[in-house]
Amino acid sequence: MPDHALPSIPLAELPGRLGEVLGTSPWLTIDQARIDAFARATEDLQWIHTDPARAAAGPFGTTIAHGFLTLSLLSWMGEHAFEIPHLRMSINYGLNRVRFPAPLPVGSRVRGVFRLLACEQIDGGSQVTVEATVEREGSTRPVCVAESVSRRYS
C-alpha cells in the first residue's frame, strides 16, 4: 500500500459521486530498464522500444514505452490514487475503451487520474467503471485513456 494518505471513499458513497475525480496517483518515471523488462516479459522487442541508438533516428528521437506497458501501470496508479475501504475483495473485470493518444518517451514521468463513470449493483457487490487518464508531465495530451471496470465486494 502507498505510504501517503489516499482519498478514502466508501463503496456505498460511489453512486453519488458519478463524474467526480476519485484521485490522482503520484508521478512515476518510465526508464529504459522498465521498458526493457516489459519487452522481455512480453516478447515485444521492437526497436522503437528497445534500441536507443536506432530509436534516436526514428520518429520520436528516442525509445518509447509500449502502450501495453502504460496500460499495465493502471493497477499501480489506481492503488496509489484512491482507496475504497473495508472491501473483502476487488477484481479487475476488464476494459471498455482504450486509446493511446500520444507516445510515452523514455525518461518521462506519468501519473493516473481516475474519474468515476459508473457504479452499478451486482450480485454481492458493485461494478465500478472509472476513466483512467495517464498524463505525461509537460504534455497537454494524455498517453493513455481507458475505461477500467472492476468488481468490488464488501
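Taken together, the values in this text are just the output of simple stated rules run on the coordinates, not laboratory data. On a predicted model such as this, the values are computed, not experimentally measured, just so you know. Here Cβ is always computed from backbone atoms with ideal geometry, including for glycine, and neighbour counts include all displayed protein chains.
Relative contact order of segment 97-154: what whole-number percent is it, with Cα pairs under 8 angstrom and at least 6 residues apart?
Numbers: 120 pairs, mean separation 22.8, N = 58.
Computed value for segment 97-154: 39 percent relative contact order.
The angle separating the long axis of helix 32-42 from the principal Cα axis of greatest extent in the chain is about 70 degrees. Sorting ILE64, ILE122 by the number of Cβ atoms found within 10 Å of their own Cβ, with the fewest placed first, yields ILE122, ILE64.
In the chain, the DSSP-assigned H stretches of four residues or longer account for a calculated mean residue ellipticity at 222 nm of -5000 deg cm²/dmol, using -39500 (n - 2.57) per stretch and the full residue count as denominator.
Counting only DSSP beta bridges with both residues in the chain, the antiparallel share comes to about 95 percent.
Using the Cα centre of the chain as the reference point, and only Cβ charges (+1 on K/R, -1 on D/E), how large is the resulting charge dipole? Debye, rounded to the nearest 20. Can you show the working numbers first?
Working: 14 positive and 16 negative charges, 42 e Å.
In debye, rounded to 20, the chain gives about 200.
Of VAL130, VAL113, VAL98, the residue with the greatest mean-square motion in the GNM of the chain, using alpha carbon springs below 10 Å, is VAL98. When only alpha carbons are used to place a centre, segment 119-154 and segment 21-86 end up 18 Å from one another.
Using the beta-carbon distance between ARG115 and TYR153 and R0 = 22 Å, what value does 1/(1 + (r/R0)^6) give for FRET efficiency, to the nearest 0.05? The partial results should precede the final answer.
Numbers: r = 22 Å, r/R0 = 1.01.
Approximately 0.50, to the nearest 0.05.
Fewest-first ordering of ARG17, ARG151, ARG88 by other beta carbons within 10 Å of each residue's beta carbon gives ARG88, ARG17, ARG151. Considering only GLY112, GLY124, GLY67, the mean-square fluctuation computed in a Gaussian network model of the chain, springs between alpha carbons under 10 angstrom, is largest for GLY124.
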